[in-house]
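Read the structure below first, then the notes.
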Amino acid sequence: MKEYTNSGSKDTRSGFGEAMHELGKTNPDVVALCADLTPSMKLDAFARDFPDRFIEVGIAEANMICIAAGLTIGGKIPFTGTFANFSTARVYDQIRQSVAYSNKNVKICASHAGITLGEDGATHQNMEDLGMMKMLQNMTVINPCDFNQTKAATLAIAKYVGPVYLRFGRPKVPNFTPPDQQFEIGKALVLNEGTDVSIFATGHLVWKALEACRILGEEGISSEVINIHTIKPLDDEAILASVRKTGCVVTAEEHERNGGLGDSIAQLLARKYPLPVEMVAVDDSFGESGTPEELMKKFGLDTPDVIRAVKAVMARKKS
């Protein structure tokens, strides 16, 4: 197995903040909008150094989306920033009508996503956002795995023309992807080649999948681990190439089973190459208050859960 080194745990939202400050210096068309969460979104430096291109809308998320859509008409590249729950559920109508339907070049950037928001509890933990956003026509959906990849993704979407939903989080997680990586939208990354099972992971679960791969390797199980950082458009070619080799699939994500990455991959396989699939995801449940580590364990999103899913799906695989 290829070894990956944690260069130091960092929160992915800080990768977004660093990239935004860099974009502020290099792209005069980039505008940042925030809904009363500037420090939480790590937009402090952008707001300080580029005040003419920073708009604090207050607790008015729907208005923020509509302002962003309007800014695109003048050639600006607006990045909106608030928590995932407020970036999607609270403003879904505005996103659908003013951004997706109109195919506006708005970058909807959402922090504090998933269950690892932690102590803030169920009302703030959004585990439906990827499903909601991938169903919107014209919308690209991206869920990077660590600080470096979040920074690279933020820089990449500034060059992409069209609506984007970019998801990241609050807790510090292992930072293991290259700092100089070139982020390619829609291109899956094979992190470890294997022959027995394909593990497709996204976001915080990518590191968990790599941990599971190492442990399974010690037991003689060869796992192929693929980082699906782009939920839509899905890299059908890479997924199908992997499963034709391994014959079974595990998906892993910090999201509801319904509507997430596993859902998308299962649909692809049902159409193109049916085979056994196990999904590591939240099973139709709201979250609750607790530390990120406690919640990941309770809701079945930890390394042992990936290992159990691998063994379960391999037991179902045709010989």
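The values are calculated or read from the model by the stated rules, or taken from the named source; none is laboratory data. Note that the structure is predicted; figures quoted are calculated from it, not measured. Cβ atoms come from the backbone with ideal geometry, glycine included; neighbour counts cover every protein chain shown.
Tell me yes or no: at least one residue of the stretch 291-306 is assigned to a loop (DSSP other than H, G, I, E, B), at pLDDT below 95, more than 18 Å from the chain's Cα centre (by Cα) and surrounded by fewer than 23 Cβ atoms within 10 Å (Cβ to Cβ). Steps first, answer last, please.
We begin by selecting, within the stretch 291-306, every residue assigned to a loop (DSSP other than H, G, I, E, B); these are 291, 299-302.
Now drop any that are not at pLDDT below 95, which leaves 291.
Now restrict to residues that are more than 18 Å from the chain's Cα centre (by Cα): 291.
Now drop any that are not surrounded by fewer than 23 Cβ atoms within 10 Å (Cβ to Cβ), which leaves 291.
Checking the stretch 291-306: at least one residue is assigned to a loop (DSSP other than H, G, I, E, B), at pLDDT below 95, more than 18 Å from the chain's Cα centre (by Cα) and surrounded by fewer than 23 Cβ atoms within 10 Å (Cβ to Cβ).
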Failed condition for residue 145, given (1) buried (at least 23 other Cβ atoms within 10 Å of the Cβ); (2) over 24 Å from residue 200 (Cβ atoms): (2)
Qualifying position, being modelled with pLDDT of 95 or more, assigned by TED's automatic domain parsing to the domain that holds residue 26, touching a strand residue (DSSP E or B) at 6+ places or on another chain (Cβ under 8 Å) and hydroxyl-bearing (Ser, Thr, Tyr), among 154, 195: 154
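Of these, 18, 61, 3, which one is surrounded by fewer than 21 Cβ atoms within 10 Å (Cβ to Cβ) and at pLDDT 95 or above? Explain how you work it out, then say what you get.
Working: 61 fails: surrounded by fewer than 21 Cβ atoms within 10 Å (Cβ to Cβ); 3 fails: at pLDDT 95 or above.
Just one listed residue meets the conditions, 18.
For the stretch 85-98, give me each residue that is in contact with a Leu (Cβ under 8 Å, 6 or more places away or on another chain) and within 25 Å of residue 24 (Cβ to Cβ).
The first filter runs over the stretch 85-98 and keeps only residues in contact with a Leu (Cβ under 8 Å, 6 or more places away or on another chain), leaving 95-96.
95, the sole residue that qualifies.
Can you work out which of the residues in the stretch 84-113 that are of a type in the set (Ser, Thr, Tyr) and crowded, with 20+ Cβ neighbours inside 10 Å is nearest to residue 128 (Cα to Cα)?
If we take residues in the stretch 84-113 being of a type in the set (Ser, Thr, Tyr) and crowded, with 20+ Cβ neighbours inside 10 Å, then 88 is nearest to residue 128 (Cα to Cα).
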Filter result for residue 73 (more than 19 Å from residue 263 (Cβ to Cβ), modelled with pLDDT of 95 or more and crowded, with 16+ Cβ neighbours inside 10 Å): no
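Tell me the residue from 220, 259, 203 that is in contact with a Pro (Cβ under 9 Å, 6 or more places away or on another chain), part of a loop (DSSP other than H, G, I, E, B) and at positive phi, please. Step through it out loud before you land on a result.
Numbers: 220 fails: in contact with a Pro (Cβ under 9 Å, 6 or more places away or on another chain); 259 fails: in contact with a Pro (Cβ under 9 Å, 6 or more places away or on another chain).
Among 220, 259, 203, only 203 is in contact with a Pro (Cβ under 9 Å, 6 or more places away or on another chain), part of a loop (DSSP other than H, G, I, E, B) and at positive phi.
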Number of positions in the stretch 117-138 that are modelled with pLDDT of 90 or more and either among the aromatic types (Phe, Trp, Tyr) or surrounded by fewer than 22 Cβ atoms within 10 Å (Cβ to Cβ) (or both): 8
